[in-house]
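Only the coordinates and a few stated rules stand behind these numbers; no lab work does. Model, not experiment: these values are computed from the prediction. Note that we place each Cβ from the backbone using ideal geometry, even for glycine, and neighbour counts take in every protein chain shown.
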C-alpha cells in the first residue's frame, strides 16, 4: 500500500499540514489538563491496543473491561472500545466525529471536572427520559445520532419522583417495597 493510499484510509493519522488549529489546540490542552494521559492509562490498564488515529486522536481497541458501557467512550483524546475500531467505524461511519466532540468537551471542562459533570448529565437524562444519554447535555452536544443514541421524549417528573420516594421510604422502614404491603421476612400482609 502506498503512503498516499494509507493516508486516504479514514482511520489513518491526519498529516500535520492538514490539521486545523482548533485540533492542535484541543490536543495540546488535553495533554496539559492530563485527560489524554488518563485516557492512555485507562486504555493500557484495560488491555487495549493503542494507535494514532485521525485528527490527533488515539484509537484504543480490544479494551477488556465491561465498564463503562457503550460501543466506545473517550477520555481526553483517547477513543476506547472493546471492538475492532475499523469494523465499528465501518458500521457507524460518524462515530469518530461524535467521539471527537467528547474530546473537545474534555478540553472545555479542563480535564477531570468532565467526569462528575458527565455523570450528573447522565443522571438528569435518566430522570427525564429513563435513558442515560437522550437528555445528557454532553451526548446531545456531540450529536446523539452520530453516537448511535436515540432521542427519547421526556417523561413527566412527578411519577418518577414519587416512585423514588416510595423506594426510599421502603428502604428506610425496612420493607421490600412500600407498594407491596408485605413486611420483610414475614411473607404476609401488614
Residue order, fewest to most surrounding Cβ atoms within 10 angstrom, among 28, 80, 85, 172: 172, 28, 85, 80
Final fewest-first order of 106, 65 on the 10 Å Cβ neighbour count is 65, 106
So what is the diffusion coefficient of the range 3-110 in µm² per second by Stokes-Einstein at 20 °C and 1.002 mPa s, using a Kirkwood Rh over Cα pairs? 155 µm²/s
Work out how much length residue 145 to residue 62 would gain on full extension: take 0.36 nm times their residue separation and subtract the Cα-Cα distance, in nm to one decimal. 27.5 nm
Between the Cα axis of helix 95-108 and the main Cα principal axis of the chain, the angle (0 to 90°, nearest 10) is 80 degrees
Using label points projected 7 Å from each Cα along Cα→Cβ, tell me how many nm separate residue 94 and residue 115, to one decimal. 3.1 nm
With 31 Å as the cut-off, how large is the P(r) tail for the chain, expressed as percent of Cα-Cα pairs? 32 percent
Taking Cα atoms, the helix 157-173 axis meets the longest principal axis of the chain at an angle in degrees (rounded to 10) of 60 degrees
Just to be sure I understand: of the beta bridges DSSP finds with both ends in the chain, what percent are antiparallel, rounded to 5? 75 percent
Percent RCO, i.e. relative contact order, over the range 1-131, from Cα pairs under 8 Å lying at least 6 residues apart: 22 percent
Divide by every residue of the chain the summed helix terms, -39500 (n - 2.57) for each DSSP H run of at least 4, and state the resulting mean residue ellipticity at 222 nm, rounded to the nearest 500 deg cm²/dmol. -14000 deg cm²/dmol
Could you give the nm distance between label points at residue 18 and residue 87, where each point is 7 Å from its Cα heading toward the beta carbon? 2.7 nm
Sequence gap at least 6, Cα distance under 8 Å: using those rules, report the relative contact order of the range 81-166 to the nearest whole percent. 26 percent
Pull out the extension gain between residue 69 and residue 168, defined as 0.36 nm times the separation in residues minus the alpha carbon to alpha carbon distance; nm, one decimal. 33.0 nm
Tell me, Kirkwood radius of the range 93-140 from alpha-carbon pair distances, in Å? 11.0 Å
Yeah, the range 87-168 with a ≥ b ≥ c from its alpha-carbon gyration tensor (a/c under 1.5 is rounded, else prolate when a/b outruns b/c, oblate otherwise) is oblate
Protection proxy (average C-beta count within 10 Å per residue), highest first, orders 143-150, 156-163, 66-73, 130-137 as 130-137, 143-150, 66-73, 156-163
